[in-house]
Amino acid sequence: MIVSHTSHPARPVAAAAGGPLSGHVQVPGDKSISHRSLIVGCLSIGETRVENLLEGEDVLRTADAVRALGGTVTREGEGRWRVIGVGIGGLGQPETVLDFGNAGTGSRLMMGVVGSHPVTATFDGDASLRKRPMRRILDPLVRMGTTVVEEAEGGRVPLTLRGPRETIPIVYETPAPSAQIKSAVLFAGLNSPGETTVVEREATRDHTERMLAHAGADIRVETEGAGRRITLRGQPELRARDIVVPADPSSAAFPLVAALIVPGSRVTIEAVMTNPLRTGLVTTLLEMGAEIALRNRRDLGGEEVADLDVTAGPLRGVEVPPERAPAMIDEYPVLAVAAAFATGETRMRGLAELRVKESDRLAAVAAGLAVTGVPHRIEGDDLVVEGLGGKVPGGGTVATELDHRIAMAFLVMGLASRNPVTIDDGAMIATSFPSFMPTLERLGASFRT
Ligand code: S3P
């Protein structure tokens, strides 16, 4: 019997409209790259130094898991971390449950790592993670030889995996456009003899591929229509390489939309990662007529970054094509808020994957829009928001459903709506953007806790 309790007292937060936002801000390191830097550090021989690691709760859980598996992870200063790896094949048997809290990425990527090693480990998490589908990870792992010793109903955590003595390399086509599925299979492939191939019909964020190539893995990426075929030769010796984590575009999305909808605002968000597989929100906002200038484009640790100059102004509704979803999958809640302030209708197409995020995000966004007086509808997998121009009523309390991005999106709405917006619980914001409130306050926003 597996037991875990991760609960916390709810912390309501309210946001109210004030004067224009202005100034320069930085947002924390990218969550996806932060998880991967600890994992790849663990699988490398030698010392990996990481700069600007996101010190959010999700990433700290991955750090704990790396330690439980035998790696050494130490914090050297703000955002500066050091990992001493055990190398591929070198994981130790963990003595504790690997509790990933709210983190889908950490848990799923680590299932690929653990499931390809001859150790037995139990994965668990909070009430949100316990609802999320893990079959999408377990199915390919079972084909690679992993045993699912125990699982909660429907293939959920808590679950226990035991890796085989020798992992079987496979060719796997992902059933959904998911970088987590792709990455879990690639991480498992690292400890398999021969070549592991992942085929994705739509390209998703490629941070795993980039980081493995950077660490010296033999990895080939071929374009196939809108998708990719990624082939990895197993059992390389990964070299520990220093990693600089660029600022997270999914966190930048919140001050970005806030600056667009609070009248009179002018804000610069510095050195935001502009990997094209992550910039769907910026593309969409530009189509909506937003004034966003990408300045000073440069390379930072193998990823392109730019400063975003954002000026408030009118937005108009657009149709967001389904093929753009992988490049902005975490940004729909805050796009729905931008759409509420636009004139005309915004139709966001092909959002099926939103139903399996930290919450059922499609339902949570719709419920939040209902509470705050924004007309909208769900049609199949589409979300349609009727823009109200500058006249969003706000008011009411939005249920965040243990979802950090629902929390931040509706607080952003409250900065420009006619009445304040309250969220029932701001605690989960610490999973990805612990400095969210002070960052927006520095620009002139005010929150009440
Ligand atoms: C992530 C991939 C996405 C995203 C998540 C982070 C990653 O999930 O929603 O926040 O780091 O690989 P899916 O791969 O399930 O779409």
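Taking the Cα atoms only, what angle lies between the long axis of helix 332-341 and the longest principal axis of the chain, rounded to 10 degrees?
Helix 332-341 and the main axis of the chain meet at about 10 degrees.
For region 57-102, what class follows from the C-alpha gyration tensor (a ≥ b ≥ c being the square roots of its eigenvalues): rounded when a/c is under 1.5, otherwise prolate if a/b is larger than b/c, else oblate?
oblate
For region 30-37, in order, what is each residue's ³J(HN,Hα) by Karplus, 6.51 cos²θ - 1.76 cosθ + 1.60 with θ = phi - 60°, in whole Hz (x at glycine and Pro)?
5, 5, 4, 6, 5, 4, 5, 5
For L388, list long-range residues whose amide hydrogen, built 1.01 Å from N in the peptide plane, is under 5 Å from its own amide hydrogen.
Sorted by chain and number, the residues that satisfy this are F341, A342.
If Lys and Arg each add +1 and Asp and Glu each add -1, what is the summed charge of the other residues whose beta carbon sits under 12 Å from the beta carbon of G145?
+2
Would you work out the charge dipole size for region 31-244 about its Cα centre, treating the Cβ of every Lys and Arg as +1 and the Cβ of every Asp and Glu as -1, and quote it to the nearest 20 debye?
Approximately 220 debye in magnitude.
Treating only the Cβ atoms of Lys and Arg (+1) and Asp and Glu (-1) as charged, compute the dipole magnitude of the chain about its Cα centre; round to the nearest 20 debye.
In debye, rounded to 20, the chain gives about 80.
Once you have the Cα-Cα distance between D218 and A367, take 0.36 nm times their residue separation minus that, and quote the gain in nm to one decimal.
49.0 nm is the gain from fully extending D218 to A367.
In degrees from 0 to 90, rounded to the nearest 10, what is the angle of the helix 249-261 Cα long axis to the longest principal axis of the chain?
Approximately 0 degrees, to the nearest ten.
Applying the Karplus parametrisation 6.51 cos²θ - 1.76 cosθ + 1.60 with θ = phi - 60° to the phi angles of region 421-434, what ³J(HN,Hα) value in whole Hz is obtained for each residue in order, glycine and proline being reported as x?
Each residue's phi maps through the Karplus curve to give 10, 10, 10, 6, 7, x, 4, 6, 4, 5, 5, 10, 8, x Hz.
Hand me the tally of lysine pairs in the chain: alpha carbons under 25 angstrom apart, and the pair either on different chains or 8 or more positions apart.
Final tally of qualifying lysine pairs is 6.
For labels at A14 and R347 in the simple 7 Å Cα→Cβ model, what's the distance in nm?
The two pseudo-label positions are separated by 3.8 nm.
Can you sort E51, E331 by how many other beta carbons sit within 10 Å, fewest first?
If I rank by nearby Cβ atoms, fewest first, I get E51, E331.
So, in nm, how far is label D381 from label E287 when the simple model puts each one 7 Å beyond its Cα toward the Cβ?
Label at D381, label at E287, 1.7 nm between them.
If you place +1 on the Cβ of every Lys and Arg and -1 on the Cβ of every Asp and Glu, how big does the dipole about the Cα centre of region 283-389 come out, in debye to the nearest 20?
Magnitude of the dipole: close to 180 debye.
Scan around N419 for amide H atoms under 5 Å from its own, H built in the peptide plane at 1.01 Å from N, and keep only partners 5 or more places away or cross-chain.
The list, which skips near neighbours in sequence, is G394, G395.
Would you pull out the residues with amide H under 5 Å of Y172's amide H, same chain only if 5 or more places away, H placed 1.01 Å from N?
T197, V198, V199
Note the per residue figure in Å³ for the convex hull of the C-alpha positions in the chain.
122
Throughout, read-outs are computed from the coordinates displayed, never taken from laboratory work. Just so it is clear, the model here is predicted, and its values are computed rather than measured. Here Cβ is always computed from backbone atoms with ideal geometry, including for glycine, and neighbour counts include all displayed protein chains.
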